[in-house]
Each structure stands twice: as structure tokens, then as C-alpha cells.
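Only one structure is covered here, and it is reproduced in the block below.
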């Protein structure tokens, strides 16, 4: 039983991580902003700044390729 | 926390911006100041985005340093130059006018570099002149009277060496000495008229006359080398030989280290299997993680060798010469000469390559380059190629010198390039193109690759690969294992358990679509996670075959296993598929961002899928007809 729970946790963590990494940065940022707004007065609200930073970080499964600098995913040029 | 992330805090010190002509060493200086490891190379146009980092002077003052794309003038012609202009004028969203502009110049080429300095000086923003590559200038006998130059320009002047430790110390000391002022808006700027340009040239000549003494320039070696390397026939032969050597080395030199990693992965699988009782957790670790992730990890030596060549060629100054060599040909197929560097970058990854198209000012030329960039074989495809070549192509010498496996790899890269040429030609005939823009690019001097740059570049590539393996690839392998394991087979089932799983059902469902090109359901399963990251296809095959009843050494023996189970026609068909197959999702997302439309990523995915299917179909059917099925 314990083994099945552990495996389920590992698989769930991997799914959340992969989903987060593959989600486009603007969507992630929108999610992080929504989280910050809704949870501002709760205990989990303390996680909002970390979530926003994580959302702005390059990902996209491209390995944040160093060639030509970090991909500026999450930053838009005007 | 990286320097770049740290720099996002609101009041982290004085804001300084590094600007200057392309290829004057701004990014090398930025790396030295901030401890970053941004890409540097011996050619123009490496930086297409503004980058940010934190530098601390010996006196303890913190500086927010911006590294801007190179520009010859503030009169922006392309998207990357517009970034530089917008940052200087404080027009970029959330960006204020920098407190100090550090004009970085190539001390060996002040005649060209001082024009921008004079243009920027007119803006009235506090500025400082960094004579970068001053060591190289000294070695060439160029004597610069920095005090006199400072007096003539009316700004502090310091000598810097961007590639040596401590080479930026004089710059930090000079910045510390500058009084802090609140930056006002820059003076009104207008595109220089012809008279103003002529006057600027006159001023540059006058300044050089009074402050710089240059010996008679000895460019004999550069000219001698260029005469051969850029010769229309000999040059092309040398380019082909260099690329050829690179692909031969990828197979020949990587053999031993790949063997070590394979042995280590196989040993780990056996140890874990022996140490754990049979069950879900053991299956997850052995069949999912070790077989999947280990199967991808073994290709690290080949990736390192490939990038060692690319980085060495970049640093030597060879690549811009190759661009010139191919310029006429690229013009004929409808590409701009400036397409070469973005396309070259796409061999590492299509994403930075597509971003690098910002250096192309004409929209149609830029769009054509974006649409064909994915046809350049990115490094993520290398594990797939290497696995299939290793499994199906015998390792033997051809013409007593060439390695057959290396030859096939070369042919696959070439097929991607030929495909890109054909698509560019078709786009020229359909979409049309703007006026021909001949390539104008400053040729850097030849130099031996800097070992520090090379080591840093390789270290960065290794870290990127390991981050992928330990991050998204590991996560996808775990998910694939779960999809290949559940639901469990019904009581009395006779087939392999994976046949009854979600992944098995999905593989069997889409297999009829791929049957005409020879793909079995196992390959169909591997193609799906391969859309997230291409090398995941290799790991996915490892997991699928491991769960199908292979032993604990599937990760290290995957090549042998598929060599025994697949026909040669299927392997060739899969190779053809990966030459053209639609790019990973991240690439499509970047195309959407760069073109501001979903239309172009959809067109790209559609035409690549059609090309891949057609190429695989022809390859498979011809191979079967020839008896390889």
C-alpha cells in the first residue's frame, strides 16, 4: 500500500512539473497572478512571490538554451 | 539565484548599459562584470536581446548592468538594433534611461567604433568609453593615448580586456569615480543626415590623428588565410571538409566515453533490480527512470564533441567567412545573407535561431528564415540519429578513411539543409521576397580559440543537457512509465502487459496512420513525448521495450534490441521522419511569439509534417522494394 502511494506521489509530481514546464510563460504568469490575488490573505499566500518568480523563469522544455543568451520567455518586447 | 534573476529586484544599484558596435566584446565584458555565462562568439550579432546582471565594484558599489545588442548607429534598422535604441531612450516597457552608458569599443578598430561613440555622446547621458581588447591592440603595436582621447571626447576612457580575469577592474574603478546623477531624458535625437555623417567621419579622423598611433597594419596572415578559405571553390571544399570531420569525430571519438556511460547505466539497473523486491517502485526506477533517462544520457559525449567543434569554429572567426562564402548561393534561393547566423544557431536549437532572425530587417526574409530554421538539425535530434545509426549502420571504413556511420550522419544533416533550400526556394516563388540585401558584415581577425571561452561554452552545454535529462526528460519518462503500466492487464491476458496499458492502446490506435511509413506501435508511442523534447523519443523507446519484457540492461542495449526487432526500412524511415518532423512545442510557441500570430506556427507544423510523412513514405517504400523490409 505504502509503495503504491509513494509511486502515485512520484507520478503526480512528475505530471505537475511537466505540465508547468510545458505551459507557455504568459499562462503561467496569469496563473501565478491569480494565485497571488486569491490567496493574498491566506497562509499559502506567502508562496505567491516564489510562484511568480518560477513562472517568469525560462522553461518551455527547451532547456533554457544558453546559445544567444537565456531565452527571454515571459518578457515581451514592445 | 542567477545574476539575471537577481537583477530583477527594483533598486539594485546604479543602472549602466553596455553598448557598442557588433563584435566588440560587450558580452565578454558583461560576463566578466556580472559572473554570467552568456554566449560570446567571434562574430557579429550574437546578442539579440538586452540582458541584465549585477556587478559589484571593489569599493562595494552595486551596478545593474545591461548588455545590449550591437549597433552601428542609433538609427535602428532591425529588431535587435531597435532594442538597443529603445533601452537608451527609456522606451522599453518598465525600463528607465540608464544612469551611465558604457560605450564599448574594439580598441583595434577605433576608426569604425568611434562613429557610434560620437552619436551617443550627443544624447547628453553620462557616458564612459571602454577600449576593449586593449591587450590585442597593444600586441599589434597600436598606441592609444587614453588621456588625450578622454580630453578630446570629453568622457572618461579606460582600457579593458573582456576575456581576462581582472580585465574589467579599470572600468569598475572609473564607474565608482563618476558622480551619481539622476538621469534626465536624453537629448532629442534624429536620424543623421548625410552632412552629419560626413562631419562625424571627419571628427573621427581628427580624434584618431591626435590620440592614436597605429603601425602599418600587418594583415598578411589574415589575408593569406582568407584568400584560401574564402575562395569560391577551395573555400567550399574546406567548409565541406570541416563539417565532414566534425561528423566523423562525433562517432569516432565518442565511442569510448559512451561505452563507459552505457556500462554504468547497465550496472546501476542490475544493482537496483538486485537490491529491491519486485513491485511497482522497482519497475518505476528500473524500467521508467533508468531505462528511459539512461538511454538519453549515453549520448552526452557526442553532444559535447559536436559543440566543441561549433564553439571552436565560432571563436576562431571562421563562421562569418563561411557566411560570406554562402551568401551568393543563399541569395539565389531567396534568403538574405543575414540568414546564415540564425540558421547556424539552429543547429544547436531552433529557438535561439528563430530569435536571432531579429537581425534581419526585411520581414519577408525574416519570415522565410523562421520557417526553415527547424530544418537545421538541432542537437536534440542527435541522440535519435545516433541510436538508429548505431543499431543499423555497420561500423566500417569507407575508402580506407571515412567512417560509414559518420558519413550517414553527415548525409542526414545535409538532407535537412537541402530540405531548407528547397523550402526557401518555394517560399521565394510563392510568398515573394523583399529587395536583395547583400550581406554586410565585419570580418573578425583570425585567432586561436580561447580555451576559457571554449571550456565555459562546453560546460554550459553539458549543464543544459543534464538539466533537460534531470528535469523535463525525467518527468516525461515517469509519466510515460505510468501510462505504459496502467491499467494492469485483465486476468487471463496473454499479451505483454504494456499492450493493455493506456500508452499501448494509444500506440495501437494511431499505428494505422503510420503503417504506410513502416512505424510499429512502439514507435508511435515514442513520437508523442518526442513532441515535448525530441530526445525523449529515445528514452521512451527504452521504457517501452523494457516494459515489454526486456531485461534490466535495456538502457544500455537499446540499440542492439531495436536492431534485432526493426527492419532496416523502418529505421531509415524513422531517420527520414526526424530530418523533417514537426518541431517541439517550444519552437512552435517561439514562432508564435516572434511572428505575433498563430498562422505561421500552424503553417510550419503543417508543412513539416507533410514533408516528414512524404520523406518517410518514399524512404520506406523504396527500401522495402529493394528488399530491406
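The values are calculated or read from the model by the stated rules, or taken from the named source; none is laboratory data. Note that this is a predicted model, so its numbers are computed, not measured. Here Cβ is always computed from backbone atoms with ideal geometry, including for glycine, and neighbour counts include all displayed protein chains.
Within segment B:129-149, being more than 19 Å from residue B:163 (Cα to Cα) and in contact with a helix residue (DSSP H, G or I) (Cβ under 6 Å, 6 or more places away or on another chain) holds for B:145, B:148, B:149. Going by what's in this entry, would residue B:504 be described as surrounded by 15 or more Cβ atoms within 10 Å (Cβ to Cβ) and more than 12 Å from chain A (Cβ to nearest Cβ)? Yes.
In segment B:560-588, the residue that is nearest to the other protein chains (Cβ to nearest Cβ) out of those that are modelled with pLDDT under 90 and within 23 Å of the chain's Cα centre (by Cα) is B:586.
Does segment B:239-250 contain at least one residue that is out of contact with any strand residue (DSSP E or B) (no Cβ under 9 Å at 6 or more places or on another chain), touching a residue at least 40 places away in the same chain (Cβ under 8 Å) and within 14 Å of chain A (Cβ to nearest Cβ)? No; the residues of segment B:239-250 include none that is out of contact with any strand residue (DSSP E or B) (no Cβ under 9 Å at 6 or more places or on another chain), touching a residue at least 40 places away in the same chain (Cβ under 8 Å) and within 14 Å of chain A (Cβ to nearest Cβ). Among the conditions (1) at pLDDT 85 or above; (2) more than 28 Å from residue B:246 (Cα to Cα); (3) part of a loop (DSSP other than H, G, I, E, B), residue B:449 misses just one, which is (2).
The residues of segment B:589-614 that are farther than 21 Å from residue B:576 by Cβ, free of Cβ contacts under 8 Å to residues at least 40 places away in the same chain and assigned to a helix (DSSP H, G or I), listed by number, are B:589, B:592, B:593, B:599, B:601, B:602. Within segment B:376-416, being in a helix (DSSP H, G or I) and farther than 19 Å from residue B:301 by Cβ holds for B:392, B:404, B:407, B:411, B:414, B:415, B:416.
Just to be sure before I move on: is residue B:532 farther than 30 Å from residue B:162 by Cα and either away from chain A (no Cβ under 13 Å) or exposed (fewer than 15 other Cβ atoms within 10 Å of the Cβ) (or both) in the structure I sent? So residue B:532 fails the test.
So, in segment B:29-65, of the ones that are within 12 Å of another protein chain (Cβ to nearest Cβ) and over 25 Å from residue B:454 (Cβ atoms), which residue ends up modelled with the lowest pLDDT? Per the criteria, the residue is B:50.
Suppose the filter is modelled with pLDDT under 80, closer than 23 Å to residue B:350 by Cβ and either within 17 Å of the chain's Cα centre (by Cα) or not in a helix (DSSP H, G or I) (or both); does residue A:66 pass it? Answer is yes for this residue. For residue B:112, indicate whether it is assigned to a helix (DSSP H, G or I) and either closer than 21 Å to residue B:212 by Cα or in contact (Cβ under 8 Å) with a residue 40 or more places away in the chain (or both). Taking the combined requirement at face value, the residue satisfies it. Applying the criterion of at least 3 residues that are closer than 19 Å to residue B:379 by Cα to the helices (runs of 4 or more DSSP H) found wholly in segment B:314-360 leaves B:340-345, B:350-355. Given the condition part of a helix (DSSP H, G or I), at pLDDT below 80, away from chain B (no Cβ under 12 Å) and surrounded by 13 or more Cβ atoms within 10 Å (Cβ to Cβ), answer yes or no: does some residue in segment A:42-60 qualify? So far as segment A:42-60 goes, yes, one or more of its residues are part of a helix (DSSP H, G or I), at pLDDT below 80, away from chain B (no Cβ under 12 Å) and surrounded by 13 or more Cβ atoms within 10 Å (Cβ to Cβ). Here residue B:328 does not qualify as crowded, with 22+ Cβ neighbours inside 10 Å and either more than 21 Å from residue B:536 (Cα to Cα) or at pLDDT below 90 (or both).
Here residue B:498 clears all of (1) without any contact (Cβ under 8 Å) to a residue 24 or more places away in the chain; (2) closer than 25 Å to residue B:266 by Cα; (3) in contact with a helix residue (DSSP H, G or I) (Cβ under 6 Å, 6 or more places away or on another chain) except the condition numbered (1). Condition (residue is more than 25 Å from residue B:481 (Cα to Cα), within 9 Å of chain B (Cβ to nearest Cβ) and assigned to a helix (DSSP H, G or I)) applied to segment A:16-25: is it met by at least one residue? Yes, the conditions are met somewhere in segment A:16-25. Scanning segment B:66-91 for residues that are within 13 Å of another protein chain (Cβ to nearest Cβ) and in a loop (DSSP other than H, G, I, E, B) turns up B:68, B:69, B:70, B:76, B:78, B:89, B:90, B:91. Can you say whether residue B:591 is more than 16 Å from residue B:520 (Cβ to Cβ), in contact with a helix residue (DSSP H, G or I) (Cβ under 7 Å, 6 or more places away or on another chain), modelled with pLDDT under 95 and buried (at least 17 other Cβ atoms within 10 Å of the Cβ), as far as the supplied structure shows? So residue B:591 passes the test.
For the condition surrounded by 16 or more Cβ atoms within 10 Å (Cβ to Cβ) and under 24 Å from residue B:448 (Cβ atoms), residue B:161 qualifies.
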